[in-house]
Amino acid sequence: MKIVLLGATGMVGSRIATEALSREHEVTAITRSGLAPEDGNPRLTAVAADASNPERIAELAAGHDVVASALVPPRDGSDPREPFSALYDDVLRGVRQSGVRRIVIVGGAGSLLVGPGEMLLDSPGFPDAYKGEALAHHDLLTKLRDVEYLDWTYISPAPEIAPGVRTGTYRIGGERLLTGDDGTSSISAEDYAIAFVDELESAEHPNERISVVH
Ligand SMILES: NC(=O)c1ccc[n+]([C@@H]2O[C@H](COP(=O)([O-])OP(=O)(O)OC[C@H]3O[C@@H](n4cnc5c(N)ncnc54)[C@H](OP(=O)(O)O)[C@@H]3O)[C@@H](O)[C@H]2O)c1
């Protein structure tokens, strides 16, 4: 499979790159820096490009089977909602122009439901520091639900996602936050990447938000 991966050197994106390459997929890794997520892999091409340039994204994505995106809202303390929304308008325009008909996106956990109509990001104790990023992701998911010209899948990680161990085990949920017996909800970035690449390969959840937890 030929995969374009936006945000390929990030905490999550680099693990998706490694997982996809280990399964013999071809990965075109796009970041502003142009750095490669790993060295010396013949199936990896690292390219410097800004995802906010639709013409460049269209040109780079053309001929691939799927676009995968691990782009991140700005984390400089400013309100990330408008810039993240504008970034994804550009990405979606570029993908549409490229002729690729499918995008799979690394999402956020904040919009997962913890009760009828109640999102995690509105629940007491949700950290203020993550609220802007969570709202920016909620805006993105709302935007995707109106997209008709390509298939999308938005994959929310558990609220706690960090580099860890590739155990090979994960659970897939939907709109509702899944927790363990102890009430916590976490996933290693390595196991999240397995679930993400499984979805790239299976295309089992078109036009849906799914979630991944241990
Ligand atoms: N529990 C949660 O809800 C949770 C927790 C963590 C992360 N996440 C989500 O997971 C996603 C990935 O997060 P992360 O922590 O892996 O981010 P990260 O480590 O900051 O990585 C971001 C990646 O995107 C690239 N990038 C940023 N802006 C770009 C642009 N305009 N054009 C091209 N490439 C660009 C960066 O490379 P360059 O700087 O070189 O461009 C980097 O490769 C985010 O959407 C984040 O919100 C969710």
Give me, ordered by chain and number, the residues 5 or more places off I105 or on other chains with an amide H under 5 Å from its own placed amide H.
S69, T153, Y154, I155
When the Kirkwood radius is taken over all Cα pairs of the range 2-213, what Stokes-Einstein diffusion coefficient follows at 25 °C and 0.890 mPa s, in µm²/s?
143
Quick one: what Rg and Dmax do you get for the range 154-203 from the alpha carbons, in Å?
10.7, 32
If you wrap a convex hull around the alpha carbons of the range 104-200, what volume per residue comes out, as a whole number of Å³?
107
For the range 102-117 and the range 131-158, what is the separation of their Cα centres, given in Å?
7
Area projected by the alpha carbon convex hull of the range 1-96, averaged over all directions, nm²
5.9
Filtered GluC sites (Glu not before Pro), the range 185-214: DSSP coil and at most 12 other beta carbons within 10 Å:
E204
For the range 12-18, 3J(HN,Hα) per residue [Karplus equation, 6.51 cos²θ - 1.76 cosθ + 1.60, θ = phi - 60°, Hz, x = Gly/Pro]
8, x, 5, 6, 5, 4, 4
Rg and Dmax [Cα atoms of the range 39-148; Å; Rg one decimal, Dmax integer]
15.9, 49
Exposure ranking of V147, V212 by accessible area [1.4 Å probe, largest first]:
V147, V212
Among L60, G164, H214, which residue has its Cα furthest toward the positive end of the charge dipole of the range 58-214, with +1 on Lys/Arg Cβ and -1 on Asp/Glu Cβ?
L60
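The values are calculated or read from the model by the stated rules, or taken from the named source; none is laboratory data. As the structure is a computational prediction, the values presented were derived from the model and not from experiment. Every residue, glycine as well, gets a Cβ built from its backbone with ideal geometry; the counts of neighbours run over all protein chains shown. What goes into the accessible areas is simple: the full protein's heavy atoms, side chains included, and nothing from ligands, DNA or RNA. Shrake-Rupley method; radii C 1.70, N 1.55, O 1.52, S 1.80 Å.
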